[in-house]
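Right, one structure below, let's go through it.
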């Protein structure tokens, strides 16, 4: 400003008398311009500062805004049938009450030559606070994640059909020729609450957009090993989880199967690494969670057996995981298992005939004892994913049952309230365990979804080849589809759990 004023003054002194008399006009005009420029600069600076404050406030609330309000969840996390956590290396007897203890500490991951993972955060610490357990029933108005309804949401699915390379052919319904797509547009909505939302949705108060945050899920898995153990239903969920997490990666090549294996039903072990988060997501096949074997009969032929008192041979792999998701169920209704003739063993004794339901109970107790003896609640988190409903009409999976042509969920009727005996046994076994297990109780939410199965679209059919309708798949699920909701519930559990830890 001073420099401009000096130039004007110098120029005025070189003018004639008429020009000199115009000096006040020139200087006043220049001062007016300078004042206007100064005012504009102040305005720009103000806007810039407000923008900085806005961005800082977004940054400061980002973690909390990713987590839903706890007002509806406090009872959910303080009253119990199934515990989220218990004290580390608990010395409780089975008759003693189990008490949750949610905090953050360091966990040591057992050395694994196949898939090394760095030290990471644990889920609970080692003190003995009496913080209660988790109930999966509605208590005092609390939100039960597993009681709710499917609502139409045009923002779904989270990933597009055909976009994820990890969907195995039997679950890739759209690529296999299924033409209807309304089954993709449903979102699970628990009664009285919603699943975690993204920062943008929280700030703009948009409750039904972008509630699944793949990047945040990956952050919560940083440095950890998440392992799904079970039958092909868990492989269905495993593939869903890979596709969901892949959406959180800018560079998709930063995740891959460490052995270079392509996912097929013939292989029983996969390890996917996410390089930017130093975490792995793994699948271990175990149809029954207890030991399968063979015997030689009197004719010299080999016959399968199932030892309900011995844990599965893959159990050594389970020990290495930080988060475990178990399941078993559908193989227990297959012919040889359901008949129970010369099949079930305890010790060296082969039962000529044994009830499959009782065998299921004893197998789960064997699994529960293994969890109690080998899992450290201070360092590891265990889920048991409940029974997933099948929807066969006019028969079963091997007797002409079908579900082709179903395009809408079930909205009413007695099937929605059906709850298999297997699930009651699961609840009983978990209640008797010392270590906490989170029951991922998806049974009722899958009751609705008769429209979500592959049916006749379980294999890729070349042009001109007729689709076989003789045997339809009404047990597994199309991807994208229903298992995505199961994984959103795992994510929600991690969010709520860590939120309660911070609140306390």
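The values are calculated or read from the model by the stated rules, or taken from the named source; none is laboratory data. Every value quoted in this text rests on a predicted model; they were computed, and no experiment measured them. All Cβ positions, glycine included, derive from the backbone under ideal geometry; neighbour counts span all protein chains shown.
Looking at the structure I just gave you, is residue 317 under 23 Å from the mean Cα position of the chain (by Cα) and touching a residue at least 40 places away in the same chain (Cβ under 8 Å)?
Against the criterion (under 23 Å from the mean Cα position of the chain (by Cα) and touching a residue at least 40 places away in the same chain (Cβ under 8 Å)), residue 317 qualifies.
Going through region 252-267 one residue at a time, which ones are outside any strand (DSSP E or B) and without any contact (Cβ under 8 Å) to a residue 40 or more places away in the chain?
If the condition is that a residue be outside any strand (DSSP E or B) and without any contact (Cβ under 8 Å) to a residue 40 or more places away in the chain, then 252, 253, 254, 259, 260, 261, 262, 266, 267 are the ones that fit.
Per-residue answers, yes or no, for (1) buried (at least 20 other Cβ atoms within 10 Å of the Cβ); (2) under 24 Å from residue 241 (Cβ atoms); (3) out of contact with any helix residue (DSSP H, G or I) (no Cβ under 7 Å at 6 or more places or on another chain); (4) assigned by TED's automatic domain parsing to the domain that holds residue 497:
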position	(1), (2), (3), (4)
268	no, yes, yes, yes
281	yes, yes, no, yes
302	no, no, yes, no
341	no, no, yes, no
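What tally of residues in region 178-197 results from selecting those that are without any contact (Cβ under 8 Å) to a residue 40 or more places away in the chain, in contact with a strand residue (DSSP E or B) (Cβ under 6 Å, 6 or more places away or on another chain) and outside any helix (DSSP H, G or I)?
0
State the number of residues belonging to region 221-239 that are more than 26 Å from residue 292 (Cβ to Cβ), in contact with a helix residue (DSSP H, G or I) (Cβ under 8 Å, 6 or more places away or on another chain) and crowded, with 21+ Cβ neighbours inside 10 Å.
Here the count works out to 1.
Tally the residues that are under 16 Å from residue 337 (Cα atoms) and part of a strand (DSSP E or B), restricting the search to region 287-301.
Residues in region 287-301 being under 16 Å from residue 337 (Cα atoms) and part of a strand (DSSP E or B): 6 in total.
Could you check region 407-504 for helices (runs of 4 or more DSSP H) lying wholly inside it with 3 or more residues that are within 23 Å of the chain's Cα centre (by Cα) and either at pLDDT below 95 or more than 30 Å from residue 368 (Cβ to Cβ) (or both)?
482-503
Please name all residue pairs, on different chains or six or more residues apart, with Cβ atoms under 6 Å, provided the first residue is in region 26-55 and is part of a helix (DSSP H, G or I) and the second residue is at pLDDT 65 or above.
Final answer for the pair search is none.
From the set of residues in region 352-368 that are closer than 23 Å to residue 424 by Cβ and free of Cβ contacts under 8 Å to residues at least 60 places away in the same chain, which is surrounded by the most Cβ atoms within 10 Å (Cβ to Cβ)?
359
When residue 177 is evaluated against the numbered criteria (1) more than 28 Å from residue 313 (Cα to Cα); (2) at pLDDT 95 or above; (3) surrounded by fewer than 18 Cβ atoms within 10 Å (Cβ to Cβ), which criterion, by number, is the only one it fails?
(2)
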